[in-house]
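Some notes on the structure that comes next.
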Amino acid sequence: MKKGLILEGGAMRGMFTAGVIDVMMENGIIFDGAVGVSAGAAFGVNYKSKQIGRVLRYNTRFCKDKRYFGVRCFLRTGDLYSADFAYGEVPLKHDPFDFEAYMKDPMEFWVVCTDIERGEAVYHRYEGRNDHGFDWIRASASMPLVSKNVEIDGRKLLDGGMSDSIPLKYFESIGYDRNIVILTQPEGYVKEKNSAMPLIKLRYKKYPKLVELMANRHIEYNKATRYIAEKERRGEVLVIRPETALKISKTEKDPAVLKYVYDQGRKEAEKRLGEIKKFLGQE
């Protein structure tokens, strides 16, 4: 049995995920591997380095800092979240990411990005400091329209959520057969067609395959959630999700709101801790 953890993105809805994974780390829940998409990658990477509380700590500390993210940062650099500060100074200086612990831990950690030229998902097993620093994490979380492309090994990459928002099928394809999925939308959520498609067509006219991918994203997302719901019904996966829609913006600047959504994740994980342990055989 190979135990996996699948982490959906959703920008600052990922604070819910942060709360869930902190509780699981505090209780010694072990996975053979995890895969994160967008915020799921940026926040979930701390599972492998075993840094409980780090996501809440640096987000509440810097959410109002103009160096971290915001319109001014976007106008100045082309990135809503600063490549230099959010993915450089913060993890290297202000709230250091423990690369040594990350590389020593045997758990695999995969990130999902989108190749904008090919219009397809890129699944990468992230190895740590010597694996392009934090570029793979940044690429996975670089939202379209408000981020520059991240180039790694000749590929132009952006947010993994555009191509595979909830990569359960991918994890199953590489041998993970006992999986927990953390979603950031409540049960029954249905994604609608992207209202920003006119802007996407204009911004990415050089990348027709990406435009096509984005035009169909809602269809593929809803297929994925139906697949997960059916596997959940059969008891083949365990799904952790918020009970109701999370009242938080994608670029939330209120530390109290970030903490509230984080606490919702903690409460859900604490409530289902026994179920999680039983499902994974770690009672």
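Scan the range 182-196 for residues that are among the polar types (S, T, N, Q) and either surrounded by 12 or more Cβ atoms within 10 Å (Cβ to Cβ) or part of a helix (DSSP H, G or I) (or both) and jot them down.
Quick first cut of the range 182-196, residues among the polar types (S, T, N, Q) only: 184-185, 194-195.
Hits for the range 182-196 are 184, 185, 194.
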Being crowded, with 24+ Cβ neighbours inside 10 Å and of a type in the set (A, V, I, L, M) is the filter; apply it to the range 32-54 and report the residue that is nearest to residue 257 (Cα to Cα).
39
Applying the selection to the range 199-224, what residues are open to solvent by 40 Å² or more (accessible area, probe 1.4 Å) and touching a Leu at 6+ places or on another chain (Cβ under 8 Å)?
199, 203
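Might you let me know whether the range 228-241 holds any residue that is in a helix (DSSP H, G or I), more than 21 Å from residue 159 (Cα to Cα) and under 19 Å from the mean Cα position of the chain (by Cα)?
Taking every residue of the range 228-241 in turn, at least one turns out to be in a helix (DSSP H, G or I), more than 21 Å from residue 159 (Cα to Cα) and under 19 Å from the mean Cα position of the chain (by Cα).
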Hey, does the range 197-220 have a residue that's in a helix (DSSP H, G or I), among the β-branched types (Val, Ile, Thr), closer than 30 Å to residue 65 by Cβ and touching a helix residue (DSSP H, G or I) at 6+ places or on another chain (Cβ under 8 Å)?
yes
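Kindly indicate whether any position in the range 173-181 is open to solvent by less than 10 Å² (accessible area, probe 1.4 Å), without any contact (Cβ under 8 Å) to a residue 40 or more places away in the chain and of a type outside the set (Lys, Arg). Step through it out loud before you land on a result.
Step one: of the range 173-181, the residues open to solvent by less than 10 Å² (accessible area, probe 1.4 Å) are 176, 179-181.
Keeping just the survivors that are without any contact (Cβ under 8 Å) to a residue 40 or more places away in the chain gives none.
No, the range 173-181 has no match at all.
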Select from the range 99-117 the residues that are touching a strand residue (DSSP E or B) at 6+ places or on another chain (Cβ under 8 Å), open to solvent by 10 Å² or more (accessible area, probe 1.4 Å) and not in a strand (DSSP E or B) and list them in ascending order.
117
Filtering the range 80-98 down to residues that are in a helix (DSSP H, G or I) and crowded, with 17+ Cβ neighbours inside 10 Å yields 85, 86, 87, 90, 91
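Report yes if residue 144 is touching a Pro at 6+ places or on another chain (Cβ under 7 Å) and open to solvent by 20 Å² or more (accessible area, probe 1.4 Å), otherwise no. Write out each step before concluding.
Numbers: touching a Pro at 6+ places or on another chain (Cβ under 7 Å): no; open to solvent by 20 Å² or more (accessible area, probe 1.4 Å): yes.
The answer is no for residue 144.
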Among residues belonging to the range 1-31 that are open to solvent by 10 Å² or more (accessible area, probe 1.4 Å) and touching a Phe, Trp or Tyr at 6+ places or on another chain (Cβ under 7 Å), point out the one that is farthest from residue 174 (Cα to Cα).
25
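Which helices (runs of 4 or more DSSP H) sit wholly inside the range 1-70 and have at least 3 residues that are out of contact with any Gly (no Cβ under 7 Å at 6 or more places or on another chain) and under 22 Å from residue 281 (Cβ atoms)? Spell out how you get there, then give the answer.
Working: elements: 14-26, 39-49, 54-62.
Output list reads 14-26.
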A careful count of residues in the range 225-283 that are open to solvent by less than 40 Å² (accessible area, probe 1.4 Å), of a type in the set (Asp, Glu) and farther than 16 Å from residue 25 by Cα gives 1
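The values are calculated or read from the model by the stated rules, or taken from the named source; none is laboratory data. Since this is a predicted model, take the numbers as computed values, not measurements. Every residue, glycine among them, receives a Cβ derived from its backbone with ideal geometry; neighbour counts consider all protein chains shown. Remember, those area values only see protein heavy atoms, side chains included, never the ligands or the DNA or RNA. Shrake-Rupley method; radii C 1.70, N 1.55, O 1.52, S 1.80 Å.
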